[in-house]
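This report refers to the structure that appears directly beneath it.
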Amino acid sequence: MPDSIENISIQLKVNGKSYSRIVEPRKLLVEFLREDLDLTGTHVGCDTTYCGACTVLMNGKAVKSCTMFAVQADGADILTVEGLEKNAELHPIQKAFGDCYGLQCGYCTPGLMLSALQLLSQNQQPSEKEMRKAIAGNTCRCTGYQNILKAIQVAAQNMKGA
Amino acid sequence: MYPRAFHYHRANSLKEAAAMLADLGDDAKLLAGGQSLIPLMKLRFASPAHLLDLNFIFGTSYIKEDEGNIRFGPLTRHAEIEASAAAGKVPILHDCAAGIADVQVRNRGTIGGSLAEADPSGDWATVLSTLSTEVRCLGTSGERAVNLAEFIKDAYTTALAHDELVSEVVVKLPPKESGGAYLAFKRSAPVYPTASAAVQLTMDGDVCRDAAIALGCVGLTPIRAKHAEAALRGQAITEKTVVRAMEAARNAADPQPDMRGSADYKRTLVGALVKRAIQIAARRARGEQVELSHIYS
């Protein structure tokens, strides 16, 4: 192991708030969010770039935060599930997941909602195929996905003109 | 999971990155999209002492068309290629970019990283070996162009010297009346394919003027199925010629049995993929729009 690892100073925005922190280079973005910023809504599922429970948006794009180092998010704009609600109002995607029973245990839900958000910010009227493709990187072991697809569709309708 | 501790570096230019590689020595790795390297580091299959991050270098992500070539910046993300005009023009590029893993991985993973990793299950090397592709390699002593077939030496082994990096990927635009298709079979989106087939045809009316067929995940490197190509060249694409090419492709495959399937299974599978890919490539060469997505079990 190399000795005297130099820690790195990073600045980034998370959910609109600016942070300056010093991190060890090997610290993963998901662990930085959970441990350093106490934003535990982003989950660690498989930890092997498969399940998507750790999905966050980086500069508007969905990424698996277990497959990025925190130092790589230097200068970036990160959105986690905690940043979805505004003025104590749930985001339309959050509402739709609740209304449509788009979750059971809820572990995968933060990641799924952020994948859905990337989709809906690029495509206001996605087809079922496009929705399926958008969440192909998010594993849910409870729902069988049907209600998740319903939720995304309802969210799409509710977000139109919003 | 934490990787072993490493020193983190950033370069301001590709040239500087090459110089830093020369300085840091063998125990340094480049970080591009990181979608293979970071998982490998977390599992401690790879434990570089130095990680050199290329992501902060300006101007490394681009898709340009000039003089009959498409030029890809080394850090061009799969998602950018998926959405590009170039991919609209050359459908096999779209098949490849849009089919790699999932949205999240495509947002990060890069074409240069995929080629430099030379994973036998990677998609780009298989697809690009059916097109005329040059990999530009930048080192401390200058830049050189290496034909893709010579660039990929073996599993996880390329022609890159330790102080060299991929600086550009140059793909020749296929001639008119060409069509291609890339088809992979996967258990689910985020995993590597069990087998894949890339087919690029150039037609002269009903007759196949030229064919390039590459097989993925069934050898240590992408395999050009030369006998399968010969079975199509100069022939009309009929059930008979397609079956002949399919059989030749099966024989060209050299699969390893693993948790994804036995060698026999993969051989049969890759034949079926070649057959379908030829049929779609031929339709596209006629100007048909054929939407294609990978097959999931």
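The values are calculated or read from the model by the stated rules, or taken from the named source; none is laboratory data. As the structure is a prediction and not an experimental result, all values here were calculated from the model. Quick reminder, even Gly has a Cβ in these numbers, built from the backbone with ideal geometry, and neighbours come from all protein chains shown.
Annotations
- Here is the figure for the range A:117-151: residues that are within 13 Å of chain B (Cβ to nearest Cβ), out of contact with any Lys or Arg (no Cβ under 7 Å at 6 or more places or on another chain) and either of a type in the set (A, V, I, L, M, F, W, C) or surrounded by fewer than 23 Cβ atoms within 10 Å (Cβ to Cβ) (or both) total 20.
- Boolean, B:Asn69 is surrounded by fewer than 19 Cβ atoms within 10 Å (Cβ to Cβ), in contact (Cβ under 8 Å) with a residue 12 or more places away in the chain, farther than 24 Å from B:Asp154 by Cα and touching a Phe, Trp or Tyr at 6+ places or on another chain (Cβ under 9 Å): no
- If you go through the range A:5-47 and keep only what is of a type in the set (Ser, Thr, Tyr) and out of contact with any strand residue (DSSP E or B) (no Cβ under 9 Å at 6 or more places or on another chain), you end up with just A:Thr40.
- Some residue of the range A:67-84 being among the small types (Gly, Ala, Ser) and more than 14 Å from chain B (Cβ to nearest Cβ): yes
- Restricting the first member to the range A:119-141 and to residues that are closer than 25 Å to A:Cys105 by Cα and modelled with pLDDT of 95 or more, and the second to residues that are among the aromatic types (Phe, Trp, Tyr) and surrounded by 13 or more Cβ atoms within 10 Å (Cβ to Cβ), the beta-carbon pairs closer than 7 Å and six or more apart or on different chains are A:Thr139/A:Tyr50.
- Qualifying residues in the range A:36-59 (those that are of a type in the set (S, T, N, Q) and touching a residue at least 24 places away in the same chain (Cβ under 8 Å)) - the one surrounded by the most Cβ atoms within 10 Å (Cβ to Cβ): A:Thr55
- Only one of the numbered conditions (1) away from chain B (no Cβ under 14 Å); (2) not in a loop (DSSP other than H, G, I, E, B) is not met by A:Gly41, and that is (2).
- Every pair of residues 6+ apart whose Cβ atoms lie under 9 Å, when the first sits in the range A:94-117 and is in contact (Cβ under 8 Å) with a residue 40 or more places away in the chain and not assigned by TED's automatic domain parsing to the domain that holds A:Ala151 while the second is surrounded by 19 or more Cβ atoms within 10 Å (Cβ to Cβ) and not in a helix (DSSP H, G or I): none
- Among residues of the range B:168-198, those that are farther than 20 Å from B:Ile111 by Cβ, crowded, with 24+ Cβ neighbours inside 10 Å and hydrophobic (A, V, I, L, M, F, W, C), counted: 1
- Residue ranges of strands (runs of 3 or more DSSP E) in the range B:1-83 with at least 1 members facing chain A (nearest Cβ under 10 Å) and among the charged types (D, E, K, R): B:7-10, B:50-53
- Any hit, the range A:105-116, residues being within 8 Å of another protein chain (Cβ to nearest Cβ) and modelled with pLDDT of 95 or more: yes
- Of the residues in the range B:267-276, at least one is among the small types (Gly, Ala, Ser) and closer than 19 Å to B:Tyr182 by Cβ.
- Enumeration of residues in the range A:55-64 that are within 9 Å of another protein chain (Cβ to nearest Cβ) and of a type outside the set (D, E, K, R): A:Thr55, A:Met58, A:Ala62, A:Val63
- Conditions (1) modelled with pLDDT of 95 or more; (2) on the phi > 0 side of the Ramachandran plot: number failed by B:Val199: (2)
- The single condition among (1) more than 20 Å from B:Ser167 (Cα to Cα); (2) of a type in the set (D, E, K, R); (3) surrounded by fewer than 17 Cβ atoms within 10 Å (Cβ to Cβ) that B:Lys42 does not satisfy is (3).
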